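Structure record follows, encoded as structure tokens.
The values are calculated or read from the model by the stated rules, or taken from the named source; none is laboratory data. Everything quoted here is computed from the prediction, not taken from an experiment. With ideal geometry, Cβ positions are generated from the backbone for all residues, glycine too; neighbour counts draw on all protein chains shown.
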Amino acid sequence: MHELSVAEAIISAVIREKDDRNLSEIASVGVKVGALSGVLPDALQFSFETAVEGTSLAGTNLVIEPVSACGQCRDCSREFEIGDLIFSCPDCGCDQVEILSGWELDIDYLEVAEESNEDSDIDSEESLK
């Protein structure tokens, strides 16, 4: 289950950001998980909840935003959602498709538990690819 190593990488990145910015308690961490990332959201949620115990992030909530796989046909330029991993244009049938989204595995935001002088949402677009 590689989701555990992904969860550990998220935890490490968030702790580093928390320490660098001298943030108080982190209430939640938002992540974007693409349909093509190879990461199972339920397994990531379970792994995060397990791995976060005993760290300075214990009790932090992981919020997973699924990102659909989308592509664009290189022949007719139509953009479409890729369903059932069928990489061909639904209009012209061309199999030359540029992937526009779905590979994401990114920390999207941190929500600080208590208001400070800074904004409560700190954007951290750190990719885990």
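Let's see how each residue does on (1) closer than 30 Å to residue 71 by Cα; (2) in contact with a strand residue (DSSP E or B) (Cβ under 8 Å, 6 or more places away or on another chain); (3) surrounded by 15 or more Cβ atoms within 10 Å (Cβ to Cβ); (4) of a type in the set (Gly, Ala, Ser):
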position: 2; (1), (2), (3), (4): yes, no, no, no
position: 11; (1), (2), (3), (4): no, no, yes, no
position: 16; (1), (2), (3), (4): no, no, no, no
position: 38; (1), (2), (3), (4): yes, no, no, yes
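When the criteria are applied in full, residue 112 fails the requirement of being of a type outside the set (D, E, K, R) and at pLDDT 95 or above. When 43, 51 are checked against the criterion of being in contact (Cβ under 8 Å) with a residue 24 or more places away in the chain, under 30 Å from residue 114 (Cα atoms), touching a helix residue (DSSP H, G or I) at 6+ places or on another chain (Cβ under 9 Å) and buried (at least 16 other Cβ atoms within 10 Å of the Cβ), a single residue qualifies: 51. Checking each residue in the range 19-36 for being in a loop (DSSP other than H, G, I, E, B) and either at pLDDT 95 or above or surrounded by 15 or more Cβ atoms within 10 Å (Cβ to Cβ) (or both) picks out 23, 35, 36.
Filtering the range 54-94 to residues that are assigned to a loop (DSSP other than H, G, I, E, B) and among the charged types (D, E, K, R) leaves 74, 75, 78, 84, 91.
Exactly one residue out of 98, 114 is in a loop (DSSP other than H, G, I, E, B) and either exposed (fewer than 13 other Cβ atoms within 10 Å of the Cβ) or touching a His at 6+ places or on another chain (Cβ under 8 Å) (or both), and it is 114.
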